[in-house]
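The values are calculated or read from the model by the stated rules, or taken from the named source; none is laboratory data. This one's a predicted model, so the numbers in the text were calculated from it and none came from an experiment. Every residue, glycine as well, gets a Cβ built from its backbone with ideal geometry; the counts of neighbours run over all protein chains shown. Ligands, DNA and RNA are stripped out before the accessible areas are found, and what is left, the full protein with its side chains, is counted by its heavy atoms. Shrake-Rupley method; radii C 1.70, N 1.55, O 1.52, S 1.80 Å.
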Amino acid sequence: GAGVSQSPSNKVTEKGKDVELRCDPISGHTALYWYRQRLGQGLEFLIYFQGNSAPDKSGLPSDRFSAERTGESVSTLTIQRTQQEDSAVYLCASSQRGDSLETQYFGPGTRLLVL
Amino acid sequence: RKEVEQDPGPFNVPEGATVAFNCTYSNSASQSFFWYRQDCRKEPKLLMSVYSSGNEDGRFTAQLNRASQYISLLIRDSKLSDSATYLCVVNGWGGSQGNLIFGKGTKLSVKP
């Protein structure tokens, strides 16, 4: 079946603009995660959605970052007033139940460059 | 102390070599452990889970030492296609057990 998809695949924006990144998880997966990976760095957890529970926002680096998820489907990550340090690959992953033992399946990522 | 630590490498080995990667994690409450593989400019993909008793999948062997908070990955008979970055991963803790904490990865380059 279809994997996790993300759009756009690449985004170039100017400092101060807002951007919106989209993630379509695998159908039927109740858990959805956003991560950030800066060049040459490891993955950094941002936010986690599990079913109808309140999202775990503990990884969001500032109040310029927010994310929403509609039911158990699409999620959008919004970065307001982008800064150059926001340049990174933003990866979305999903898993079936959000159980810590589960495999997370990653999308191809959105490469964001803030000029 | 960093949550998940790995030697960044790179490990440059010839085909056929055996190579081992180590990883330490800081929180003794972690319950789930994994090795993910990430190819250049690609997303991470699960290589294998790591079980308390140790587990093997073909040429790959993973081991966990809870007392020392240490995870290892052994690759035997290295192939050119094994060249990638290997990410040590543990689950989050406290209220965030669903998310994963990633190490920065160990880069492996297998040469002909």
In this structure, is A:THR103 open to solvent by 20 Å² or more (accessible area, probe 1.4 Å) and at pLDDT below 95?
yes
Could you pull out the residue among A:GLU72, A:GLU85 that is farther than 21 Å from A:SER27 by Cβ and open to solvent by 60 Å² or more (accessible area, probe 1.4 Å)?
A:GLU85
When every residue in the stretch B:44-64 that is touching a residue at least 12 places away in the same chain (Cβ under 8 Å) and in a loop (DSSP other than H, G, I, E, B) is compared, the one farthest from the other protein chains (Cβ to nearest Cβ) is B:ARG59
What's the number of the only condition in (1) within 14 Å of another protein chain (Cβ to nearest Cβ); (2) closer than 19 Å to A:VAL12 by Cα that A:ASP86 fails to meet?
(1)
Output for the stretch A:32-41, where each listed residue is in contact with a Lys or Arg (Cβ under 7 Å, 6 or more places away or on another chain) and surrounded by fewer than 22 Cβ atoms within 10 Å (Cβ to Cβ):
A:GLN41
Any idea how many residues of the stretch B:1-22 are on the phi > 0 side of the Ramachandran plot and surrounded by 12 or more Cβ atoms within 10 Å (Cβ to Cβ)?
1
If I ask for residues that are facing chain B (nearest Cβ under 9 Å) and more than 24 Å from A:ALA2 (Cβ to Cβ), which ones from the stretch A:29-46 would you list?
A:GLY40, A:GLN41, A:GLY42, A:GLU44, A:PHE45
Kindly evaluate A:TYR105 against the criterion of being closer than 23 Å to B:SER32 by Cβ, touching a residue at least 40 places away in the same chain (Cβ under 8 Å) and either within 11 Å of chain B (Cβ to nearest Cβ) or touching a Leu at 6+ places or on another chain (Cβ under 7 Å) (or both).
yes
I need the full set of residues from the stretch A:46-64 which are in contact with a Phe, Trp or Tyr (Cβ under 6 Å, 6 or more places away or on another chain) and open to solvent by 20 Å² or more (accessible area, probe 1.4 Å), in order please.
A:TYR48, A:PRO55, A:ASP56
Taking the stretch B:47-70 and the residues there that are of a type in the set (Gly, Ala, Ser) and surrounded by fewer than 14 Cβ atoms within 10 Å (Cβ to Cβ), the one that is farthest from the chain's Cα centre (by Cα) would be B:ALA67
How many residues are open to solvent by less than 70 Å² (accessible area, probe 1.4 Å) and at negative phi when one looks only at the stretch A:10-31?
10
Give the residues of the stretch A:70-98 that are touching a residue at least 60 places away in the same chain (Cβ under 8 Å) and part of a loop (DSSP other than H, G, I, E, B), sorted by residue number.
A:GLN80, A:ARG81, A:THR82, A:GLN83, A:GLN96, A:ARG97, A:GLY98
